[in-house]
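Reviewing the structure listed below.
The values are calculated or read from the model by the stated rules, or taken from the named source; none is laboratory data. What you see is a predicted model, and the numbers here were worked out from it, not measured in a lab. All Cβ positions, even for glycine, are placed from backbone atoms using ideal geometry, and neighbour counts span all protein chains on display. These area figures cover heavy atoms from the full protein model, side chains too; ligands, DNA and RNA do not enter into them. Shrake-Rupley method; radii C 1.70, N 1.55, O 1.52, S 1.80 Å.
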Amino acid sequence: DRRRQRRGLRLEHATLELASRIDARRGARLAVGWHDRDRAHLEAAVLQGDYVWRGQALRLQVGRDTVRLGGVIDGAGHFDVFSQPPLAKRGVLNEQWIDDGIRAQWQPAGADGLRALELGLWRGRSFPGGPAGPAVPSVHVHGGLGHLDAHLSVARLQPRSRGAAAQLAGATGHVHGNLDCRASLQQRVCFDGAVDLLAGSVRWEPDDSAWSFSAAGLLRHERGALYAAAADADFRSTVSGLWADARWRLRPDWQLAARAERLSADNRLQGVGTAALAGAAGLAAGGPVERLTLAVQHEIGPSLALSFEAGQERHAAGRVSHIALRAVWRNPGLLGGRW
(Lines give C-alpha, C1' and ligand atoms only; values in the text may rest on other atoms or scores of the structure.)
Protein backbone atom coordinates (compact mmCIF):
# COMPACT_ATOMS: atom_id res chain seq x y z
CA ASP A 1 0.00 0.00 0.00
CA ARG A 2 1.03 3.58 -0.54
CA ARG A 3 1.31 5.40 2.79
CA ARG A 4 0.15 8.87 3.66
CA GLN A 5 2.67 11.59 4.37
CA ARG A 6 3.23 11.65 8.12
CA ARG A 7 4.18 15.21 8.92
CA GLY A 8 3.13 17.25 11.93
CA LEU A 9 1.40 15.95 15.05
CA ARG A 10 -0.04 12.47 14.44
CA LEU A 11 -1.42 9.62 16.49
CA GLU A 12 1.11 7.02 15.40
CA HIS A 13 -0.57 4.11 17.18
CA ALA A 14 -2.80 3.53 20.20
CA THR A 15 -4.21 0.46 21.88
CA LEU A 16 -6.72 -0.03 24.66
CA GLU A 17 -6.35 -3.42 26.29
CA LEU A 18 -8.34 -5.22 28.97
CA ALA A 19 -7.18 -8.47 30.57
CA SER A 20 -8.64 -10.54 33.38
CA ARG A 21 -7.49 -13.63 35.27
CA ILE A 22 -10.68 -15.69 35.48
CA ASP A 23 -9.15 -18.15 37.95
CA ALA A 24 -5.72 -19.62 38.76
CA ARG A 25 -5.44 -21.23 35.31
CA ARG A 26 -7.62 -19.31 32.90
CA GLY A 27 -7.55 -15.76 31.61
CA ALA A 28 -8.92 -13.52 28.85
CA ARG A 29 -7.61 -10.52 26.96
CA LEU A 30 -9.14 -7.95 24.60
CA ALA A 31 -7.23 -5.28 22.63
CA VAL A 32 -8.44 -2.59 20.20
CA GLY A 33 -5.99 -0.52 18.13
CA TRP A 34 -5.92 2.65 16.04
CA HIS A 35 -3.52 3.84 13.35
CA ASP A 36 -3.32 7.55 12.59
CA ARG A 37 -6.62 8.39 10.81
CA ASP A 38 -7.69 4.83 10.04
CA ARG A 39 -10.62 3.07 11.67
CA ALA A 40 -10.23 1.14 14.90
CA HIS A 41 -9.50 -2.57 14.53
CA LEU A 42 -9.54 -5.59 16.80
CA GLU A 43 -5.99 -6.70 17.65
CA ALA A 44 -6.72 -9.39 20.24
CA ALA A 45 -9.67 -11.31 21.69
CA VAL A 46 -8.32 -14.48 23.33
CA LEU A 47 -9.02 -17.05 26.01
CA GLN A 48 -5.95 -18.63 27.58
CA GLY A 49 -5.30 -21.57 29.88
CA ASP A 50 -2.02 -22.28 31.75
CA TYR A 51 -1.23 -25.72 33.12
CA VAL A 52 1.74 -27.51 34.69
CA TRP A 53 2.59 -31.13 33.89
CA ARG A 54 5.61 -32.79 35.55
CA GLY A 55 7.28 -29.45 36.10
CA GLN A 56 6.73 -28.32 32.50
CA ALA A 57 4.48 -25.41 31.56
CA LEU A 58 1.69 -25.86 29.01
CA ARG A 59 -0.31 -23.00 27.54
CA LEU A 60 -3.39 -23.22 25.30
CA GLN A 61 -4.88 -20.18 23.61
CA VAL A 62 -7.82 -19.68 21.27
CA GLY A 63 -9.05 -16.51 19.56
CA ARG A 64 -7.62 -13.53 17.68
CA ASP A 65 -4.05 -12.46 18.41
CA THR A 66 -0.70 -11.57 16.88
CA VAL A 67 1.04 -14.65 15.51
CA ARG A 68 4.16 -14.81 17.70
CA LEU A 69 7.52 -14.84 15.91
CA GLY A 70 9.83 -14.12 18.86
CA GLY A 71 10.45 -11.23 21.21
CA VAL A 72 12.79 -9.30 18.90
CA ILE A 73 10.34 -9.36 15.97
CA ASP A 74 7.14 -8.99 18.00
CA GLY A 75 8.57 -6.11 20.03
CA ALA A 76 9.85 -4.13 17.03
CA GLY A 77 6.86 -1.98 16.25
CA HIS A 78 4.74 0.89 17.36
CA PHE A 79 5.78 0.92 21.02
CA ASP A 80 9.45 0.23 20.38
CA VAL A 81 12.23 2.79 20.93
CA PHE A 82 11.94 3.61 17.20
CA SER A 83 8.89 5.27 15.71
CA GLN A 84 8.73 3.17 12.52
CA PRO A 85 8.34 -0.62 12.29
CA PRO A 86 11.29 -2.31 10.57
CA LEU A 87 11.26 -2.37 6.77
CA ALA A 88 11.25 -6.18 6.91
CA LYS A 89 8.02 -6.28 8.93
CA ARG A 90 6.39 -3.77 6.60
CA GLY A 91 7.49 -5.53 3.42
CA VAL A 92 6.95 -9.13 4.52
CA LEU A 93 4.00 -8.92 6.94
CA ASN A 94 2.36 -5.54 6.25
CA GLU A 95 3.77 -4.69 9.71
CA GLN A 96 2.03 -7.34 11.84
CA TRP A 97 0.37 -10.70 11.26
CA ILE A 98 -2.85 -10.72 13.30
CA ASP A 99 -5.12 -13.73 12.80
CA ASP A 100 -7.73 -16.00 14.36
CA GLY A 101 -6.64 -19.43 15.52
CA ILE A 102 -5.44 -21.86 18.15
CA ARG A 103 -1.99 -21.91 19.73
CA ALA A 104 -0.39 -24.52 21.99
CA GLN A 105 2.92 -23.85 23.75
CA TRP A 106 5.12 -26.29 25.67
CA GLN A 107 7.87 -24.91 27.91
CA PRO A 108 10.22 -27.57 29.34
CA ALA A 109 11.97 -27.21 32.66
CA GLY A 110 15.46 -25.73 32.50
CA ALA A 111 16.88 -22.41 31.35
CA ASP A 112 19.21 -23.56 28.55
CA GLY A 113 18.65 -25.48 25.34
CA LEU A 114 15.05 -25.72 24.15
CA ARG A 115 13.09 -23.06 26.03
CA ALA A 116 9.70 -23.39 24.29
CA LEU A 117 7.95 -25.08 21.39
CA GLU A 118 4.77 -23.59 19.96
CA LEU A 119 2.34 -25.00 17.39
CA GLY A 120 -0.41 -22.92 15.83
CA LEU A 121 -3.33 -23.34 13.43
CA TRP A 122 -4.73 -20.12 11.93
CA ARG A 123 -7.59 -19.12 9.62
CA GLY A 124 -5.18 -17.35 7.28
CA ARG A 125 -7.55 -14.48 6.48
CA SER A 126 -5.03 -11.73 7.27
CA PHE A 127 -2.06 -10.82 5.07
CA PRO A 128 -0.03 -12.69 3.91
CA GLY A 129 -3.14 -14.88 3.80
CA GLY A 130 -6.28 -14.09 1.85
CA PRO A 131 -10.08 -14.04 2.16
CA ALA A 132 -10.24 -17.72 1.18
CA GLY A 133 -7.99 -20.74 1.54
CA PRO A 134 -7.22 -23.59 3.95
CA ALA A 135 -6.10 -23.26 7.56
CA VAL A 136 -2.49 -22.21 8.16
CA PRO A 137 -0.10 -24.30 10.30
CA SER A 138 2.80 -22.60 12.08
CA VAL A 139 5.75 -23.77 14.18
CA HIS A 140 7.76 -21.57 16.54
CA VAL A 141 10.92 -22.83 18.29
CA HIS A 142 12.54 -20.86 21.13
CA GLY A 143 16.04 -21.80 22.30
CA GLY A 144 18.83 -20.20 24.22
CA LEU A 145 22.03 -20.47 26.19
CA GLY A 146 22.63 -18.15 29.11
CA HIS A 147 21.97 -14.56 28.02
CA LEU A 148 21.71 -15.55 24.34
CA ASP A 149 18.13 -16.00 23.12
CA ALA A 150 17.08 -17.33 19.67
CA HIS A 151 13.77 -17.87 17.85
CA LEU A 152 12.83 -19.61 14.60
CA SER A 153 9.33 -19.63 13.05
CA VAL A 154 7.89 -21.16 9.88
CA ALA A 155 4.39 -21.09 8.36
CA ARG A 156 2.74 -22.21 5.11
CA LEU A 157 -0.20 -20.26 3.67
CA GLN A 158 -2.32 -20.91 0.57
CA PRO A 159 -4.34 -17.73 -0.02
CA ARG A 160 -7.09 -17.49 -2.61
CA SER A 161 -8.49 -14.25 -4.06
CA ARG A 162 -6.06 -12.09 -2.04
CA GLY A 163 -6.46 -8.57 -3.35
CA ALA A 164 -4.63 -5.26 -3.02
CA ALA A 165 -5.61 -1.83 -4.33
CA ALA A 166 -3.95 -1.13 -7.69
CA GLN A 167 -1.24 1.51 -7.35
CA LEU A 168 -2.73 3.37 -10.31
CA ALA A 169 -5.90 3.91 -8.28
CA GLY A 170 -4.16 6.33 -5.93
CA ALA A 171 -3.04 6.31 -2.32
CA THR A 172 -4.47 4.01 0.32
CA GLY A 173 -4.06 3.88 4.05
CA HIS A 174 -2.85 1.07 6.25
CA VAL A 175 -4.96 -2.03 5.52
CA HIS A 176 -5.87 -4.65 8.13
CA GLY A 177 -7.06 -7.65 6.15
CA ASN A 178 -7.30 -8.02 2.38
CA LEU A 179 -9.52 -6.96 -0.46
CA ASP A 180 -11.63 -9.87 -1.73
CA CYS A 181 -11.14 -10.52 -5.44
CA ARG A 182 -14.19 -12.80 -5.49
CA ALA A 183 -16.32 -9.67 -5.24
CA SER A 184 -14.59 -7.65 -7.99
CA LEU A 185 -11.38 -7.35 -10.02
CA GLN A 186 -11.78 -3.64 -10.75
CA GLN A 187 -8.85 -1.48 -9.56
CA ARG A 188 -7.36 -4.52 -7.84
CA VAL A 189 -4.36 -6.80 -8.19
CA CYS A 190 -5.06 -10.36 -7.04
CA PHE A 191 -3.06 -13.41 -6.00
CA ASP A 192 -3.79 -17.14 -5.77
CA GLY A 193 -1.00 -19.47 -4.71
CA ALA A 194 1.27 -20.68 -1.92
CA VAL A 195 3.26 -18.61 0.58
CA ASP A 196 6.15 -19.83 2.71
CA LEU A 197 7.02 -17.60 5.65
CA LEU A 198 10.29 -17.82 7.61
CA ALA A 199 11.32 -15.69 10.61
CA GLY A 200 14.38 -15.83 12.84
CA SER A 201 16.00 -13.69 15.51
CA VAL A 202 18.74 -13.62 18.15
CA ARG A 203 19.26 -11.35 21.16
CA TRP A 204 22.11 -10.96 23.64
CA GLU A 205 21.11 -9.03 26.76
CA PRO A 206 23.23 -9.68 29.88
CA ASP A 207 21.75 -8.66 33.21
CA ASP A 208 24.96 -6.95 34.33
CA SER A 209 25.66 -4.98 31.13
CA ALA A 210 24.40 -1.64 29.88
CA TRP A 211 24.60 -2.96 26.30
CA SER A 212 22.24 -5.23 24.40
CA PHE A 213 22.32 -6.44 20.80
CA SER A 214 19.71 -8.10 18.59
CA ALA A 215 19.20 -9.07 14.97
CA ALA A 216 16.24 -10.45 13.05
CA GLY A 217 15.26 -11.53 9.57
CA LEU A 218 12.01 -12.23 7.72
CA LEU A 219 11.42 -13.94 4.37
CA ARG A 220 8.25 -14.47 2.33
CA HIS A 221 8.38 -16.71 -0.75
CA GLU A 222 5.30 -16.73 -2.99
CA ARG A 223 4.44 -18.67 -6.11
CA GLY A 224 1.18 -18.77 -7.99
CA ALA A 225 -0.96 -16.54 -10.20
CA LEU A 226 -0.96 -12.73 -10.12
CA TYR A 227 -3.85 -11.23 -12.07
CA ALA A 228 -6.05 -8.20 -12.67
CA ALA A 229 -9.05 -7.41 -14.86
CA ALA A 230 -7.00 -7.37 -18.10
CA ALA A 231 -3.81 -9.26 -17.21
CA ASP A 232 -2.71 -12.63 -15.90
CA ALA A 233 0.79 -13.89 -15.07
CA ASP A 234 2.67 -16.69 -13.38
CA PHE A 235 4.24 -15.11 -10.33
CA ARG A 236 7.28 -15.97 -8.21
CA SER A 237 8.42 -13.61 -5.50
CA THR A 238 10.91 -13.58 -2.65
CA VAL A 239 10.79 -10.64 -0.26
CA SER A 240 13.38 -10.67 2.51
CA GLY A 241 14.58 -8.23 5.10
CA LEU A 242 17.10 -7.97 7.94
CA TRP A 243 17.73 -5.53 10.75
CA ALA A 244 20.16 -5.22 13.65
CA ASP A 245 19.81 -3.16 16.83
CA ALA A 246 22.37 -1.94 19.35
CA ARG A 247 21.20 -0.29 22.59
CA TRP A 248 23.14 1.38 25.36
CA ARG A 249 21.49 2.31 28.64
CA LEU A 250 23.48 5.25 29.95
CA ARG A 251 21.37 5.47 33.10
CA PRO A 252 18.21 3.69 34.25
CA ASP A 253 16.10 6.41 32.61
CA TRP A 254 18.22 7.20 29.48
CA GLN A 255 18.79 4.95 26.48
CA LEU A 256 20.61 5.32 23.14
CA ALA A 257 19.73 3.02 20.23
CA ALA A 258 20.81 2.45 16.64
CA ARG A 259 19.10 0.33 13.96
CA ALA A 260 20.44 -0.71 10.54
CA GLU A 261 18.02 -2.30 8.04
CA ARG A 262 17.81 -3.72 4.55
CA LEU A 263 14.84 -4.94 2.50
CA SER A 264 15.05 -6.56 -0.93
CA ALA A 265 12.65 -8.25 -3.34
CA ASP A 266 12.99 -10.54 -6.34
CA ASN A 267 9.74 -10.57 -8.35
CA ARG A 268 9.33 -12.56 -11.56
CA LEU A 269 6.26 -12.43 -13.80
CA GLN A 270 5.57 -14.36 -16.99
CA GLY A 271 2.36 -14.01 -18.98
CA VAL A 272 0.04 -11.50 -20.62
CA GLY A 273 0.36 -7.78 -19.78
CA THR A 274 3.16 -8.24 -17.28
CA ALA A 275 4.46 -4.65 -17.56
CA ALA A 276 1.09 -3.13 -16.69
CA LEU A 277 0.51 -5.72 -14.00
CA ALA A 278 3.89 -5.02 -12.37
CA GLY A 279 3.13 -1.30 -12.33
CA ALA A 280 -0.31 -1.78 -10.80
CA ALA A 281 1.15 -4.10 -8.14
CA GLY A 282 3.94 -1.66 -7.27
CA LEU A 283 6.65 -4.09 -8.36
CA ALA A 284 8.22 -1.99 -11.12
CA ALA A 285 10.52 0.19 -8.98
CA GLY A 286 12.83 -2.64 -7.88
CA GLY A 287 16.10 -2.37 -6.01
CA PRO A 288 16.82 -2.83 -2.30
CA VAL A 289 15.88 -0.36 0.42
CA GLU A 290 18.23 0.46 3.29
CA ARG A 291 17.67 2.55 6.40
CA LEU A 292 19.77 3.72 9.34
CA THR A 293 18.10 5.25 12.41
CA LEU A 294 19.49 6.71 15.65
CA ALA A 295 17.31 7.39 18.69
CA VAL A 296 17.61 8.65 22.26
CA GLN A 297 14.88 7.92 24.79
CA HIS A 298 14.20 9.40 28.23
CA GLU A 299 11.79 7.69 30.59
CA ILE A 300 9.87 10.07 32.82
CA GLY A 301 8.49 7.86 35.54
CA PRO A 302 6.99 4.41 34.92
CA SER A 303 4.33 5.52 32.39
CA LEU A 304 5.79 8.18 30.07
CA ALA A 305 8.74 8.02 27.65
CA LEU A 306 9.99 10.82 25.39
CA SER A 307 12.33 10.22 22.47
CA PHE A 308 14.04 11.95 19.56
CA GLU A 309 15.19 10.13 16.46
CA ALA A 310 16.75 10.84 13.08
CA GLY A 311 17.15 8.49 10.15
CA GLN A 312 17.75 8.15 6.44
CA GLU A 313 16.30 5.67 3.96
CA ARG A 314 18.01 4.88 0.65
CA HIS A 315 16.34 3.31 -2.36
CA ALA A 316 16.58 3.26 -6.15
CA ALA A 317 14.81 6.61 -6.55
CA GLY A 318 16.97 8.49 -4.03
CA ARG A 319 17.02 9.21 -0.31
CA VAL A 320 14.41 10.10 2.28
CA SER A 321 15.40 11.57 5.64
CA HIS A 322 13.20 11.94 8.69
CA ILE A 323 13.29 13.32 12.22
CA ALA A 324 10.70 12.66 14.89
CA LEU A 325 9.82 13.79 18.39
CA ARG A 326 7.77 11.12 20.09
CA ALA A 327 5.85 10.53 23.32
CA VAL A 328 4.66 7.10 24.45
CA TRP A 329 2.34 6.76 27.44
CA ARG A 330 1.32 3.42 28.89
CA ASN A 331 -0.37 2.55 32.16
CA PRO A 332 -0.76 -1.19 32.80
CA GLY A 333 -2.40 -0.50 36.18
CA LEU A 334 -5.13 1.77 34.79
CA LEU A 335 -7.85 -0.04 36.77
CA GLY A 336 -5.77 -0.35 39.90
CA GLY A 337 -4.34 -3.73 38.99
CA ARG A 338 -7.58 -5.55 39.84
CA TRP A 339 -7.91 -6.60 36.16
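Return the pairs, sorted by first residue and then second, in which the second residue is assigned to a loop (DSSP other than H, G, I, E, B) and exposed (fewer than 14 other Cβ atoms within 10 Å of the Cβ), the first residue lies in the range 25-49 and is aromatic (Phe, Trp, Tyr), the beta carbons are less than 8 Å apart, and the residues are 6+ apart or on different chains.
Taking only residues 6 or more apart or on different chains, the pairs are Trp34/Leu11; Trp34/Ala40.
Counting only residues that are part of a strand (DSSP E or B) and in contact with a Gly (Cβ under 9 Å, 6 or more places away or on another chain), which one in the range 106-131 is nearest to Leu179 (Cα to Cα)?
Once the filter is applied, the top-ranked residue is Trp122.
Exactly one condition in (1) outside any strand (DSSP E or B); (2) surrounded by 15 or more Cβ atoms within 10 Å (Cβ to Cβ); (3) of a type in the set (Ser, Thr, Tyr) is not met by Ser184; state its number.
(2)
Can you go through Leu18, Leu58 and tell me which one is free of Cβ contacts under 8 Å to residues at least 60 places away in the same chain and more than 23 Å from Glu290 (Cα to Cα)?
Leu58
Just to be sure I understand, how many residues within the range 62-101 are open to solvent by 20 Å² or more (accessible area, probe 1.4 Å), of a type in the set (Asp, Glu) and modelled with pLDDT under 95?
1
Inspect the range 296-314 for any residue being loosely packed, with under 15 Cβ neighbours inside 10 Å, under 24 Å from the mean Cα position of the chain (by Cα), aromatic (Phe, Trp, Tyr) and under 30 Å from Ala19 (Cα atoms) and give the result as yes or no.
No, the range 296-314 contains no residue that is loosely packed, with under 15 Cβ neighbours inside 10 Å, under 24 Å from the mean Cα position of the chain (by Cα), aromatic (Phe, Trp, Tyr) and under 30 Å from Ala19 (Cα atoms).
Which count do you get for residues in the range 59-83 that are part of a strand (DSSP E or B), under 13 Å from His140 (Cβ atoms) and either of a type in the set (Val, Ile, Thr) or touching an Asp or Glu at 6+ places or on another chain (Cβ under 7 Å) (or both)?
The total comes to 2.
Every residue, every condition in (1) open to solvent by less than 20 Å² (accessible area, probe 1.4 Å); (2) of a type outside the set (A, V, I, L, M); (3) modelled with pLDDT of 95 or more, yes or no:
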residue: Arg156; (1), (2), (3): no, yes, yes
residue: Gly177; (1), (2), (3): no, yes, no
residue: Ser209; (1), (2), (3): no, yes, no
residue: Ala229; (1), (2), (3): no, no, no
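Criterion first (more than 25 Å from Glu95 (Cα to Cα) and open to solvent by less than 40 Å² (accessible area, probe 1.4 Å)) does Gly241 satisfy it?
no
Tell me whether the range 147-154 contains one or more residues that are of a type in the set (Gly, Ala, Ser), closer than 21 Å to Gly91 by Cα and surrounded by 15 or more Cβ atoms within 10 Å (Cβ to Cβ).
Taking every residue of the range 147-154 in turn, at least one turns out to be of a type in the set (Gly, Ala, Ser), closer than 21 Å to Gly91 by Cα and surrounded by 15 or more Cβ atoms within 10 Å (Cβ to Cβ).
Please go through the range 18-61 and pick out each residue that is among the acidic types (Asp, Glu) and modelled with pLDDT of 90 or more.
Within the range 18-61, Glu43, Asp50 qualify.
Would you mind stating whether Arg247 is modelled with pLDDT of 95 or more and surrounded by fewer than 19 Cβ atoms within 10 Å (Cβ to Cβ)?
So Arg247 passes the test.
I want to confirm something. Restricting to the range 268-282 and keeping residues that are out of contact with any Asp or Glu (no Cβ under 9 Å at 6 or more places or on another chain) and free of Cβ contacts under 8 Å to residues at least 40 places away in the same chain, which single residue is surrounded by the fewest Cβ atoms within 10 Å (Cβ to Cβ)?
Ala275
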